[in-house]
Amino acid sequence: MELFAKGKRSLVYKEGKIIIKEERKDIQAVNRIENEGEWLKVLNKYKIGPKFINIEKNKLYMEFIEGPKLETFLKTAKKENKIKILKQLLEQAYILDTIKINKLEMHRVTKNAIVRKNKLILIDFERCKRTPFPKNVTQAVQFINKYLQNKELLRKAKEYKETYSEKSFKELKKCLTNTL
């Protein structure tokens, strides 16, 4: 096993096509590995996140996602591919909102999203929690707006936040498509 990355709460090892996350001993937050494993089991049913493999002895085993981080992808991709990936970001954020899960990392989505073969894969679910008013879509729009500077997109996100309705989400997504 080779050390692949060192996060705030975990050490990440890579073994072939598998990532193994182990909780760091020097942190105060506990049960982050178990939390991420449980959420991956749920989210995999919606085709979100890396494939959950196993959890044992305070280690989480999951699929290794190879590809550029979202920020790198957006710098080099063609316009139509950017649109496709940003729509996927919004769609996954919407699924999280509809099942009342807050990822708590959407504001840093550049570090927590990888593009593999023109498919966006969100990673890092250790801080996920259930909440009646999730903020995934609105945080995703804030990220997208850093690149687009579109007041209409922000207005549509505010309308969505008031209702969480499918109709307002579709209008938001349409606004994104028209912006790009």
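The values are calculated or read from the model by the stated rules, or taken from the named source; none is laboratory data. Quick caveat: nothing in here was measured; it's all calculated off a predicted structure. FYI the Cβ positions are ideal-geometry reconstructions off the backbone, even for glycines, and counts take in every protein chain you see.
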Test: residue in region 45-59 that is part of a helix (DSSP H, G or I) and at pLDDT below 85: no
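For region 21-37, state whether one or more residues are in contact with a strand residue (DSSP E or B) (Cβ under 9 Å, 6 or more places away or on another chain), within 16 Å of A113 (Cα to Cα) and of a type outside the set (D, E, K, R).
no
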Subset of region 11-44 [touching a Gly at 6+ places or on another chain (Cβ under 6 Å) and not in a helix (DSSP H, G or I)]: none
Counting only residues that are in a strand (DSSP E or B) and either touching a Phe, Trp or Tyr at 6+ places or on another chain (Cβ under 8 Å) or at pLDDT below 95 (or both), which one in region 114-129 is surrounded by the most Cβ atoms within 10 Å (Cβ to Cβ)? V115
Within region 157-170, can one find any residue that is crowded, with 16+ Cβ neighbours inside 10 Å, in a helix (DSSP H, G or I) and of a type in the set (S, T, N, Q)? yes
Would you point out which residue out of K8, K82 is surrounded by 15 or more Cβ atoms within 10 Å (Cβ to Cβ), of a type in the set (D, E, K, R) and either part of a helix (DSSP H, G or I) or more than 16 Å from the chain's Cα centre (by Cα) (or both)? K82
Six or more apart or on different chains, Cβ under 9 Å: which pairs go from a residue in region 100-111 that's on the phi < 0 side of the Ramachandran plot and part of a loop (DSSP other than H, G, I, E, B) to one that's of a type in the set (D, E) and crowded, with 19+ Cβ neighbours inside 10 Å? Could you list them? K103/D124; E105/D124; E105/E126; K111/E105; K111/D124
